[in-house]
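Please read the structure below before turning to the comments.
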Amino acid sequence: MKYLVMVQGSQADYEAMRGKASAHSPAWSEKDLQAMFAFMGEVNNDLSESGELVDGQGLAEPALTRHVTVDKDGRPVITDGPYGETKELLAGYWVLECESLERVTEIAARVAQCPMPEGATDYPVVIRPIQDGGGDC
């Protein structure tokens, strides 16, 4: 079974990783960033070695997001970021092929232990089964 494992973040989190603190998130030091990247690199390497990693990517900051909808006449309406009203968005993901929901939950629990500075927002790691074709999960 394939699963989408997602981590969340906000624009303030991305800014904090560039050293700009806010009421939402403390500034990250270079040491904090290196610890996070080393941790995620180790997770990715382990998942690759186990054969469970299909794909995984970190995403650019929400300010670079573009929303595309259509108006009542069917014309595209394009809105560029940043989106101040949005609290958190998808910050990164893994597509994993695991033998069970229990196994992917173990992986998500490990991802949730990623190091971060004291006071940073602790978002949940979200697991979504990927439907195979148009049928049930």
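Which of the three applies to the range 7-80, rounded, prolate or oblate, going by the alpha-carbon gyration tensor with a ≥ b ≥ c and a/c under 1.5 meaning rounded?
Oblate, since a/c reaches 1.5 and b/c is not below a/b.
Can you tell me, using C-alpha contacts under 8 Å and at least 6 residues apart, the relative contact order of the range 1-77 as a whole percent?
19
For the range 1-99, run through the trypsin sites (Lys or Arg not before Pro) and keep only the ones in DSSP coil with at most 16 other Cβ atoms within 10 Å of their Cβ.
Those satisfying the criteria are Arg18, Lys20, Lys72, Lys87.
As a test of understanding, state the convex hull volume per residue of the range 1-46 from its alpha carbons, in Å³.
So the per-residue hull volume is 73 Å³.
Given the DSSP H assignment, sum -39500 (n - 2.57) over each helix run of at least 4 residues in the chain and divide by its residue total; what's the result at 222 nm in deg cm²/dmol, nearest 500?
-9000 deg cm²/dmol
Which GluC sites (Glu not before Pro) from the range 94-137 combine a DSSP loop assignment with at most 14 other Cβ atoms within 10 Å?
Glu99, Glu118
Give the lysines reachable from Lys31 as a straight Cα distance under 29 Å; neighbours fewer than 8 places away on the same chain don't count.
Answer for Lys31, where 29 Å is the Cα cut-off: Lys20, Lys87, listed by chain and number.
Among 53-61, 107-115, how do they line up from the highest to the lowest mean number of other beta-carbon atoms within 10 Å?
Put in order of decreasing packing, that is 107-115, 53-61.
Sequence-distant or interchain residues sharing an amide H contact under 5 Å with Gly56, placed H: which?
Val95
HN-Hα J couplings of the range 61-68 from phi, Karplus 6.51/-1.76/1.60, θ = phi - 60°, integer Hz, Gly and Pro as x?
Karplus values, whole Hz, x for Gly and Pro: 4, x, 4, 9, 6, 10, 9, 10.
Along each of its three principal axes, how wide is the spread of alpha-carbon positions in the chain, in whole angstrom units, largest first?
Computed over the chain, the largest-to-smallest principal extents equal 46, 43, 19 Å.
Restrict the search to the range 37-123; then list the chymotrypsin sites (Phe, Trp or Tyr not before Pro) that DSSP places in a loop and that have at most 16 other Cβ atoms within 10 Å of their Cβ.
Here the chymotrypsin sites (Phe, Trp or Tyr not before Pro) that fit, given the DSSP loop and packing criteria, are Tyr83.
A short reminder: the numbers here are calculations on the coordinates, not readings from a lab. No experiment lies behind these values; they were computed from the predicted model shown. Quick reminder, even Gly has a Cβ in these numbers, built from the backbone with ideal geometry, and neighbours come from all protein chains shown.
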